[in-house]
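Please read the structure below before turning to the comments.
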Amino acid sequence: MASNRTFTSPALTFELVARCPVTRARASILTLPHGAVNLPIFMPVATQASLKGLTPEQLEATGCRLCLNNTYHLGLKPGQEVLDAVGGAHKLQGWNHNILTDSGGFQMVSLLKLANITEEGVRFLSPHDGSPMLLTPEHSMSLQNSIGSDIMMQLDDVLVTTSPDKARMREAMERSVRWLDRCIAAHKNPDTQNLFCIIQGGLDLDMRRECCREMLARNTPGIAIGGLSGGEAKDDFCKVVAACTELLPDLKPRYVMGIGYPEDLVVSVALGADMFDCVWPTRTARFGNAITKHGMLNMKREMYAADFGPIEEGCGCPCCRPTEEEGAMGITRAFVHHNAAKETVAAHLLTLHNVWYQLDLMRQARQAIIEDRFPAFVKGFFGNLYPDRNSYPTWAVDALRGVGIDLIQT
Amino acid sequence: MTVDNQNLESGAMRFEVIKAALKGGAAARLGRLAFARRLPIDTPNYMGVTSRGALPHLTPDNVSKHLETTGAYMALEDFIERPQQYAKRTPPIYETPTTTKHNTRLHSFTALPQSVTTVLSARRLPAVASPMGNTNASVSVFTSTGFQVLTTKEYLSAVKTLTPDIAIPPADLTHSPITPNSKRALRMAERTDEWVVDWFSELSDSNNPRISTFAPVLPVSYSIQWEYISRLAEDYLPTSQLSGLAIYDADLLPDLAEHCAALVPLPRLSLADPPTPHHILRQITLGIDLFALPFINTISDAGLALSFTFPPPTTTNTSSVSESSSSCTGGPSPLAIDLSLPAHATSLLPLTPNCTCYACTSHHRAYIHHLLSAREMLGWTLLQIHNHAIMSAFFAGVRSMLAQGVAQEGNFDEAVRRFTLAYEPEFPEGVGQRPRARGYQYKSVGGGEGRRNKPAWSKLDGKAQDEEDGRIEA
């Protein structure tokens, strides 16, 4: 089934295109039921089957071919009955490319006060009417089958990584493994939908490794590293990713959940991860923030009121690209400033820009891996982001040193 | 038959009446309004109303791709706020550089597609009434940082700087639903008269051939403003300084045609905020050529999809029975459908049958229902695209009926009568929640209006919010 460069499973083909000889970075092609996507990839989050004001057509034009929906939210609105009647989330939102759904498990962390986790599943109070609800692995699978996502995530027992309770952490990790078995058993469409496992284990690397082995034994078509981006220190995060990727098979996609800051993406790619998602780029857009290669700019600041340049010079998004080019809008910082937090249009424009930036960053990383210049790309990226080498974050320098890139030395 | 040209020599604006009723003055007419470097506007037609330089919820790429709208109404008060710490700053829009793609500062600042004709007025449409009132040399405007004074001089200089295609001189309006008493009405006419005289003397000595002035016709009786209107006809029409009329009350058109026939060939822009298509048709029959239509934005925000066509579908022709709900049962059809209603939750139908807009061809009612229920901004975007498409089609239908009228006088009037019978008189209210209202759009009068939308967040242990109380009645 698996050749040297290609892995095939019923609903997915993974083809390794190139690897960075220095770091663990890889470029690959992941073919899903709704078409091929190039990895590494950033997946924007269309929580409620809509990418925050962008039409599916606008999202498609950014080059996005795989976006997220949240099972928890779609289960509440429009609800499983509607999803079944409409024929799934692709049909609901008019999106003919791929969709990945989470399990609804992450909302346990954010709603932990309301949730009570037992072996059976997660009990929580409906935010709609306060009635008690139970999310089991079987129910999560059933919902994701109704959504029809190309990649489904198992229900896992998520705990904030910073939790000091080792026993609870172990319980969560082992329960996640047991729940994966229940998910596999409950998954109705293994030929058309991929189910990914999620590696848990907090910041304890041995527990993570143990979880990797258990999860890999279940042979899911893809593997996610979960429970991160919950407030842990960045070097702990990097250690966990590095410890996991070391054990993971070459020919399966590796998804680090909830990662979105540009530095995190670039470092995680170097550590051998392929897929990322985060609401931050689109959320921060609605707060008036633009992501650029020189860092984040808050368009609400008065300094941009009469700045008639593009949001980011040299950016190829429809807002910023030179006005002579096809599809260019000629948006200025001044116009975004003028309407930020006032008209929804400003949020849409920054969302468009930020999503483009994130996708383009991964496109550039991929190109660099293929052209065998990934270490130089990483150095260039950090060079743009920080005024000088002394201000590089220590966690990034250390993590990259671990995979053969020395940011400080030229 | 009747063809009139304006400003042919300057090439700034050209208006042709292609077809007007034989009986003369105040009647529906077919025309074409063209500005250099803009798409020509076949009239009767409408323009979208912008908020802070944007058609609400529509990014400029969506405007170019999915809207046929050829005009945009803009208000200077949307651009001249004075943030507290930067009270002395020059409004940034005055300093915008123009580009080859955006040849006026107004287009350039707002990234509005170059093909779209712009109208600039001092105030939003509809405007929030100011408690301060106007003075002899200024109007009171409402910006995102509060009420401020806009002198007629500053407004004129803004117009020169921004070079809109159509500029509306300042008018002394009350922006109140209450009809002004005769003393106030007289002062409105006198002030507007003075301001317009200043306007033309200032604008004539500058090199602004591109700006076409549409002089305001006030919402007061003709007898009160006849002096002002006669001056327009006698002093500024022959010099070609006056290019059109901005009509705040379409019912004045018969008087205008009767007493001031010289003004008849001018294009007439309605700023009278017609609340429904019935009102639009009535104003068309009175001779309005172009409309600024604020209700499109309000309707989209209310979660409504316009569902009327002009001419209305013929009920006798059973072979093409439309899917619209009540056409067969005999009752009038609704002017819009409320996408917030649960009936649409699983409907894969387009918003209206046969509509070719992006929202109808790529999406369905179930999605828009979901977006509204989840308060996702895309819902309003798609409704805007649809509602603009319906209005464009409506006006295309009006023009086609008027064109047929050449052969068969009365065709159009007959279609208007059938339209009145075929559709309900008013829009449904729309049960959905609206987008968050912003300070510059709305001013509480005396307080106590209540909340239209439920609070998004509340205390965990708090009792369930009394949801129904959250909305404004009326």
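Bear in mind these aren't lab numbers, they're just calculated from the coordinates by the rules spelled out. Note that the structure is a prediction, hence the values are computed from the model and not measured. Counting neighbours? That spans all protein chains shown, and the Cβs are built from the backbone with ideal geometry, glycine included.
Mind giving me the FRET efficiency for B:LEU349 and B:ALA396? R0 is 25 Å, r the Cβ-Cβ distance, nearest 0.05 is fine.
The computed FRET efficiency comes out at 0.65.
Can you find, among B:ALA158, B:PHE214, B:GLY31, the residue sitting farthest towards the positive end of the charge dipole of the protein assembly as shown, where Lys and Arg contribute +1 and Asp and Glu -1 at Cβ?
Projecting each Cα onto the dipole axis, the largest value belongs to B:ALA158.
Any of A:LYS293/B:LYS65; A:LYS300/B:LYS443; A:LYS293/A:LYS342; A:LYS239/A:LYS293; A:LYS293/A:LYS379; A:LYS52/A:LYS252 with alpha carbons more than 20 Å apart? Name them for me.
On the way: A:LYS293/B:LYS65 29 Å; A:LYS300/B:LYS443 23 Å; A:LYS293/A:LYS342 26 Å; A:LYS239/A:LYS293 25 Å; A:LYS293/A:LYS379 13 Å; A:LYS52/A:LYS252 31 Å.
From A:LYS293/B:LYS65; A:LYS300/B:LYS443; A:LYS293/A:LYS342; A:LYS239/A:LYS293; A:LYS293/A:LYS379; A:LYS52/A:LYS252, over 20 Å: A:LYS293/B:LYS65; A:LYS300/B:LYS443; A:LYS293/A:LYS342; A:LYS239/A:LYS293; A:LYS52/A:LYS252.
If you take each beta carbon of peptide B:366-373 and count the beta carbons of other chains within 10 angstrom, what is the mean?
Per-residue shielding by partner chains comes out at 5.
Can you compute the label reach from B:THR98? Point 7 Å from Cα along the Cβ direction, backbone N cut-off under 13 Å, restricted to region B:27-63.
B:36-38
Compute the distance in nm between two label points, each set 7 Å from the Cα along the Cα-to-Cβ direction, one at A:THR192 and one at A:ASN219.
With each label point 7 Å from Cα toward Cβ, the separation is 2.4 nm.
Taking the Cα centre of the protein assembly as shown as origin and charging only Cβ (+1 Lys, Arg; -1 Asp, Glu), how large is the dipole, in debye to the nearest 20?
Computed charge dipole of the protein assembly as shown: roughly 1000 debye.
Would you tell me the mean number of C-beta atoms belonging to other protein chains that fall within 10 Å of each C-beta in A:297-306, as a whole number?
The shielding value for this peptide is 2.
Report the paramagnetic label zone for B:ASP413: residues of region B:266-309 whose backbone N is under 20 Å from a point 7 Å from Cα along the Cα-to-Cβ axis.
Output list for this probe position: B:278-289.
Across region B:79-234, how many lysine pairs separated by 8 or more positions, or lying on different chains, have Cα atoms within less than 30 Å?
For region B:79-234, the number of qualifying lysine pairs is 5.
Which value in nm describes the separation of the simple spin-label points at B:ALA403 and B:GLN85, placed 7 Å from the Cα toward the beta carbon?
Taking the two extended label points, one gets 5.7 nm.
Would you grab the residues whose amide H sits under 5 Å from the one on A:ALA224? Only those 5+ places off in sequence or on another chain, please, with H modelled 1.01 Å from N.
Sorted by chain and number, the residues that satisfy this are A:CYS197, A:ILE198, A:ILE199, A:TYR255.
Taking a ≥ b ≥ c as the square roots of the eigenvalues of the Cα gyration tensor of region B:23-137, is the shape rounded (a/c under 1.5), prolate (a/b larger than b/c) or oblate? Let's see the in-between values first.
Working: a/c = 2.12, a/b = 1.30, b/c = 1.63.
Oblate shape, in that a/c is at least 1.5 and b/c is the bigger or equal ratio.
What ranking do A:SER229, B:SER176 get, fewest neighbouring Cβ atoms within 10 angstrom at the top?
Fewest to most other Cβ atoms nearby, the residues stand as B:SER176, A:SER229.
Modelled label-to-label distance, B:GLU202 and B:ALA262, 7 Å Cα→beta-carbon offset: nm?
2.5
Could you work out how much longer the chain between A:GLU81 and A:HIS294 gets when fully extended? Use 0.36 nm per residue separation minus the Cα distance between them, nm to one decimal.
72.1 nm
Take the Cβ-Cβ distance between B:LYS183 and A:ALA36 as r, set R0 to 56 Å, and report the resulting FRET efficiency rounded to the nearest 0.05.
Numbers: r = 75 Å, r/R0 = 1.34.
The computed FRET efficiency comes out at 0.15.
For the protein assembly as shown, what is the mean residue ellipticity at 222 nm derived from helices alone (per DSSP H run of n ≥ 4: -39500 (n - 2.57); sum divided by total residues; nearest 500 deg cm²/dmol)?
So the calculated ellipticity at 222 nm is -10000 deg cm²/dmol.
What is the average number of partner chain Cβ atoms found within 10 Å of a Cβ in B:92-102?
If you average over the peptide's residues, the count of other-chain Cβ atoms is 4.
Run the numbers for A:MET303 and A:LEU125: contour at 0.36 nm per residue of separation, minus the present Cα-Cα distance, in nm. Intermediate results must be reported in sequence, preceding the final value.
Details: separation 178, 0.36 × 178 = 64.08 nm, distance 4.56 nm.
Roughly 59.5 nm would be gained on extension.
Kindly state, to the nearest 0.05, the FRET efficiency for A:GLU326 paired with A:GLN367, given R0 = 25 Å and r defined as their beta-carbon distance.
So the FRET efficiency works out to roughly 0.70.
Which helices, taking whole DSSP H runs in chain A, have alpha carbons extending 24 angstrom or more along the helix axis plus mean Kyte-Doolittle at least -1.0? Don't skip to the answer; put the middle values down first.
On the way: long enough: A:166-186 (30 Å, -0.60); A:344-370 (39 Å, 0.33).
Qualifying helices, which must be both long enough and hydrophobic enough, are A:166-186, A:344-370.
Which listed residue (A:PHE7, B:VAL149, B:HIS363) has the Cα farthest towards the positive end of the charge dipole for the protein assembly as shown, taking +1 on Lys and Arg C-beta and -1 on Asp and Glu C-beta about the Cα centre?
Of A:PHE7, B:VAL149, B:HIS363, it is A:PHE7.
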